[in-house]
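Only one structure is covered here, and it is reproduced in the block below.
Any read-out appearing in this document is the output of simple, stated calculations on the displayed coordinates, not a laboratory observation. Model, not experiment: these values are computed from the prediction. Cβ: placed from backbone, ideal geometry, glycine included. Neighbour counts: every protein chain shown.
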Amino acid sequence: MRCVECGRQRKDSAERGWVTVLSPSAAQRIHYCCGCIENLVHRASTADQVDDYADDDG
Ligand SMILES: [Zn+2]
């Protein structure tokens, strides 16, 4: 199991927070470590906020 974002490998099966997702394009499973999945979630919510601000300006 290896993080697709940072390339870090999960050596310890007890390590928590890893997320497995199905890649829409390749139809294969990819993995994110706990740190990278947090970044992804943060990025997604930040992008939503940016959209809201753009609407307010408009
Ligand atoms: Zn990672």
Ranking request for peptides 9-15, 29-35: highest mean number of other beta-carbon atoms within 10 Å first, then the rest in descending order. 29-35, 9-15
Give, in nm to one decimal, the length gained when the segment between M1 and D48 is fully stretched (0.36 nm per residue of separation minus the Cα-Cα distance). 13.9 nm
Counting Lys and Arg as +1 and Asp and Glu as -1, what is the net charge of the other residues whose Cβ lies under 13 Å from the Cβ of W18? +2
Each label point is 7 Å from the Cα along the Cα-to-Cβ direction; what then is the distance between the points at K11 and E38, in nm? 2.1
